[in-house]
Amino acid sequence: MALYRAHVLVCKGTGCKSSGAAPVYDALKEEITRRGLDKEVMLVETGCHGMCEMGPIVVVYPEGSLYCRVTADDVAEIVEEHLYKGRLVQRLLYTTPEDKVKIPHYRDIPFYKKQFRIALRNCGYINPDNIEEYIARDGYVALAKALTAMDPEDVLAEVKTSGLRGRGGGGFPTGLKWEFCRRAKGDKKYVICNADEGDPGAFMDRSILEGDPHALIEGMMLGAYAIGADEGYIYCRAEYPLAIKRLGVAMAQCTEYGLLGDNIMGTDFSFHLHVKEGAGAFVCGEETALMASIEGERGMPRPRPPFPANKGLWGKPSNINNVETWANVPSIIREGGEWFASIGTEKSKGTKVFALTGKVNNTGLVEVPMGTTIREIVFDMGGGILNGRKFKAVQIGGPSGGCLTEEHLDLPVNYESLTAAGAIMGSGGLVVMDEDTCMVDVARFFLEFTQRESCGKCVPCREGTKQMLLTLEKITSGKGKMKDLETLEELALMVKEMSLCGLGQTAPNPVLTTLRYFRDEYEAHIKDKKCPAKACSALISFVIDAEKCRKCGICAKNCPVDCIAGDRNTPYVIDQERCIKCGTCLEVCPFQAVSKV
Amino acid sequence: MSPTKASTEERIRQIVAPWKGGHGGTIPVLQEVQKEFGYLPEDALMAVSKEMKIPPSELYGVATFYAQFHLNPRGRHIIRVCRGTACHVRGSLILLDKIKKVLQVEENGTTEDLRYTLEPVACVGACGLAPVMMVDEDTHGRLTPDKIMEVINSYE
Ligand SMILES: Cc1cc2nc3c(=O)[nH]c(=O)nc-3n(C[C@H](O)[C@H](O)[C@H](O)COP(=O)(O)O)c2cc1C
Ligand code: FES
């Protein structure tokens with residue numbers, strides 16, 4: 001194997017790709033070859049590093065220097081300075097938002113410093129399309145250990161000791177779930193990976209699928225071995241074409257290496273794996289709906305029991321886990337359940353990946369030990385609020401979760417603490433909101449989502465969410481009455497109690513938490529007909545200050561509906577009747593003469 | 001030029017073949033049909049129904065349940081504006097409204113010249129770059145209302 005003195009890693013995750021990683025990669029390839037360095041420097045395409053905000057990201061080893069927002073024009077300088085002369089390109093290093101300090105090493109960047117990576121351990125380090133790189137990072141060591149030195153019962157016991165709980169939302173103990181399926185009667189059993197990642201605002205599963213597909217495959221094999229299954233399905237949403245492609249490559253390599261198929265590693269264990277493409281329905285993330293979808297039906301949930309462990313896919317005992325759950329398993333078997341259980345809190349073991357997004361400086365994926373506080377995540381790792389604005393809330397757990405406030409910043413994050421505060425861990429979506437975010441609008445937004453995605457099978461969810469949405473729309477358009485708040489609460493509790501599946505049972509959470517923590521904002525919309533955050537378009541308008549207007553006409557030229565009039569002698573005026581409140585004028589005015597009131 | 005009935009039926013036979021007799025084929029077959037025709041034309045669905053021995057009503061049920069399937073022809077370019085949470089708090093509704101006004105289309109509608117179809121979607125998984133829009137296979141992030149039409153216009 002050839003030895004290289006330096007490795008240049010280019011992130012080709014979805015985030016960096018859309019920021020222009022492909023031209024950077026091509027330019028690097030060309031420049032490295034042109035300068036005759038291609039025998040000494042190896043160029044690698046990797047999965048996501050997590051810090052999508054700063055993409056395209058290029059990391060140079062052995063130093064471990066991370067360059068941010070790299071463009072093709074920067075490439076010559078990186079090659080000349082760093083690879084030739086061994087000097088860092090200062091201007092491309094990560095700079096802290098507050099005190100503008102440049103940080104030369106990847107690991108010293110606050111975003112990474114507090115992270116503890118198990119599920120994401122290979123993401124951004126290895127080329128996901130190359131099984132050798134996974135193997136070099138101890139890949140398939142756990143499988144070999146299990147198949148040659150452990151009984152299925154030992155594997156099961158190890159996972160139970162680890163205390164691993166489901167990362168897909170419910171937090172159900174994984175070992176126990178496996179045990180149900182292992183003990184279930186039946187000669188044919190299935191393991192399934194839930195890669196539907198329906199929570200809008202979460203993308204950790206995507207990152208694992210695209211950045212380290214073998215971790216997931218190895219995890220599923222270990223599960224299959226422990227449970228006694230010989231066939232598996234990965235249900236992946238169609239919106240993730242790159243993930244589906246990488247899974248295909250990884251599975252083909254496994255087959256070639258004898259890691260998938262019959263008599264794996266020369267043992268009696270056989271395992272066959274398939275990928276199923278989802279077709280775009282949030283409710284298909286629910287386990288019984290997901291199985292119906294694999295069977296080719298409409299993805300509607302059915303009442304449980306019977307649980308999938310007894311009667312799952314095609315009526316056979318089946319075990320379903322989330323991508324991140326599966327990806328934790330190889331490390332648990334390799335390092336031992338005790339090791340995993342030593343991380344985290346009493347009842348929530350190990351780590352959790354959060355998708356940190358919204359009004360925060362460093363958006364991206366962070367993996368932290370359970371028990372880390374929201375403050376550490378948002379302020380230390382996330383670098384605080386965008387544009388120096390004031391923190392208002394975080395929404396945790398997606399459409400089934402809830403909004404937490406400043407008073408929860410020091411809450412250690414674990415399954416129990418979040419549920420007690422009215423939110424849920426969910427998939428780990430963590431959306432930061434600032435003073436410009438309207439909480440009533442956020443509640444309306446989530447209801448609109450769950451209402452649209454309700455499968456319609458049970459009445460409380462189908463009709464209840466609709467009525468709740470209509471009430472919220474009334475309030476955000478300034479037509480609400482105080483009585484509506486009572487109606488909302490009543491409806492919310494009814495839908496929560498009576499719905500068939502988790503979608504309806506959790507859909508009211510965003511409404512209930514915002515009513516609990518931000519009631520004053522609801523009241524402002526109703527009593528004063530004002531949106532304090534100036535976000536609800538029916539309650540705001542854009543105006544041009546005649547004094548400040550320099551009559552340049554840029555606003556009128558950019559207005560998509562031509563509703564701004566004026567000329568070189570008269571200040572411009574917005575026709576409020578026709579204005580669609582898109583805010584373009586405010587953005588383009590060079591003299592800050594436009595304001596939102 | 002629209003395909004003849006006979007050629008449609010022939011093509012459907014090829015698509016259905018690997019799934020005949022097995023189970024779980026409905027969705028992959030519909031996905032394949034849509035890849036072929038761009039949407040799910042009625043005569044193609046009827047042919048699938050005949051080949052797979054599944055009543056048309058059941059196919060219709062599946063096709064209308066999933067957001068991915070379309071029963072009408074679509075534009076040359078598909079604009080998918082992300083309406084996920086991360087994009088919402090960074091202003092994606094404003095982008096969507098602006099595109100609707102400028103292109104004169106409704107959500108899930110197609111422009112008269114068949115150039116664009118506009119679809120709101122729930123998260124494309126690039127939340128770190130919110131607000132995000134996909135045009136065909138390309139993801140565009142960190143958008144603002146004044147930049148957005150420029151991006152869209154670059155797709156003929
Ligand atoms: C409406 C609804 C949507 C869901 N969406 C997802 C999803 O996108 N991904 C996921 O892993 N679990 C999802 N779940 C949870 C699954 O039903 C199931 O609990 C999970 O896949 C089990 O895996 P785990 O034990 O590893 O968490 C959803 C549940 C409900 C009720
Ligand atoms: S919320 Fe828009 S890409 Fe995820």
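The values are calculated or read from the model by the stated rules, or taken from the named source; none is laboratory data. Treat the numbers as computed from the prediction; the structure is a model and nothing was measured. Quick reminder, even Gly has a Cβ in these numbers, built from the backbone with ideal geometry, and neighbours come from all protein chains shown. All accessible areas refer to the heavy atoms of the entire protein, side chains included, with ligands and DNA or RNA removed. Shrake-Rupley method; radii C 1.70, N 1.55, O 1.52, S 1.80 Å.
Suppose every Lys and Arg Cβ carries +1 and every Asp and Glu Cβ carries -1, with no other charges. What dipole size does the stretch B:5-65 come out with about its Cα centre, to the nearest 20 debye? Before the final figure, lay out each step's value.
Details: 7 positive and 8 negative charges, 30 e Å.
Dipole size: approximately 140 debye.
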Fill in the blank from the handout: With the charge dipole of the stretch A:541-596 built from beta-carbon charges (+1 for Lys and Arg, -1 for Asp and Glu) about the Cα centre, the Cα from A:Pro560, A:Phe591, A:Ile574 projecting farthest to the positive end belongs to A:Phe591
Practice task
Among the aspartates and glutamates, select those whose C-alpha is under 12 Å from the C-alpha of B:Lys147, and discard any that sit fewer than 8 residues away in the same chain.
Solution key: A:Glu587
Practice task
Sum -39500 (n - 2.57) across every DSSP H segment of at least 4 residues in chain B, then divide by the residue count to get the 222 nm mean residue ellipticity, nearest 500.
Solution key: -13500 deg cm²/dmol
Handout entry: Relative contact order %, chain A, counting alpha carbon pairs below 8 Å whose residues are six or more apart
Key = 11 percent
Handout entry: Nearby aspartates and glutamates by direct alpha-carbon distance to A:Lys466 (threshold 15 angstrom, same-chain neighbours under 8 apart not counted)
Key = A:Glu448, A:Glu453, A:Asp484, A:Glu489, A:Glu490
Exercise for the section: At q = 0.13, 0.20, 0.26 Å⁻¹, what is the base-10 log of I(q)/I(0) for the stretch A:439-528 according to the Debye formula with one equal point scatterer per Cα and no solvent? Please give it to two decimals. Expected result: -0.36, -0.82, -1.31
Practice task
Counting helices only, and only those DSSP H runs with n ≥ 4, report the 222 nm mean residue ellipticity of chain A as the sum of -39,500 (n - 2.57) divided by its residues, in deg cm²/dmol to the nearest 500.
Solution key: -10500 deg cm²/dmol
Practice task
Could you calculate the contour length gain from A:Thr71 to A:Ala341, that is, 0.36 nm times the residue separation minus the distance between their Cα atoms, to one decimal place in nm?
Solution key: 92.9 nm
Completion exercise
FRET efficiency for A:Arg304 and A:Glu547 from the Cβ-Cβ distance with R0 = 56 Å, rounded to 0.05, comes out at 0.30
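Considering every Cα-Cα pair within the stretch B:5-65, what fraction, in whole percent, is farther apart than 15 Å? Walk me through the numbers on the way to the answer.
Working: 724 of 1830 pairs.
Here the long-distance tail beyond 15 Å is 40 percent of all Cα pairs in the stretch B:5-65.
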Exercise for the section: In debye, nearest 20, what is the charge dipole magnitude of chain A about its Cα centre with +1 on Lys and Arg Cβ and -1 on Asp and Glu Cβ, if you could check? Expected result: 1080 debye
Completion exercise
In the stretch A:400-484, the GluC sites (Glu not before Pro) that sit in a DSSP loop and have at most 16 other Cβ atoms within 10 Å of their own Cβ are A:Glu435
Exercise for the section: Take the Cα radius of gyration of the stretch B:77-153 and divide it by 2.2 N^0.38 Å, with N its residue count; two decimals is plenty. Expected result: 0.97
Problem - In order through the stretch B:47-62: 3J(HN,Hα) via Karplus (6.51 cos²θ - 1.76 cosθ + 1.60), integer Hz, x for Gly, Pro - result: 5, 4, 4, 5, 5, 8, 6, 10, x, x, 4, 5, 4, 4, x, 5
Exercise for the section: May I ask you to derive the relative contact order of the stretch A:383-463, considering only C-alpha pairs under 8 Å and at least 6 residues apart, and to give it as an integer percent? Expected result: 32 percent
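Treat every Asp and Glu Cβ in the stretch A:131-341 as -1 and every Lys and Arg Cβ as +1, leave all other atoms uncharged, and give the resulting dipole magnitude about the Cα centre to the nearest 20 debye.
Working: 22 positive and 30 negative charges, 150 e Å.
Approximately 720 debye in magnitude.
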Handout entry: Chains B and A together, accessible area buried on both sides, 1.4 angstrom probe, square angstrom
Key = 3900 Å²
Handout entry: Cβ neighbours within 10 Å from other chains - mean over A:193-200
Key = 3
Practice task
Please list A:15-25, A:517-527 highest first by mean number of surrounding beta-carbon atoms within 10 Å per residue.
Solution key: A:15-25, A:517-527
Completion exercise
Looking only at lysines whose Cα falls under 23 Å of A:Lys185's and that sit 8 or more positions away or on another chain, we get A:Lys160, A:Lys177, A:Lys311, A:Lys316
Handout entry: Gyration tensor verdict on the stretch A:6-111 (Cα atoms; rounded if a/c is under 1.5, prolate if a/b is larger than b/c, oblate otherwise)
Key = oblate
Problem - Per-peptide average of other Cβ atoms within 10 Å, ordering A:369-382, A:241-254 highest first - result: A:369-382, A:241-254
Problem - Share of alpha-carbon pairs per 10 Å distance bin for chain A, given as whole % - result: 3, 15, 23, 25, 19, 10, 4, 1, 0
Practice task
Collect residues whose amide H, placed 1.01 Å from N in the peptide plane, falls under 5 Å from the amide H of A:Ser318; neighbours closer than 5 in sequence don't count.
Solution key: A:Tyr190, A:Ala309, A:Asn310, A:Lys311, A:Gly312, A:Leu313
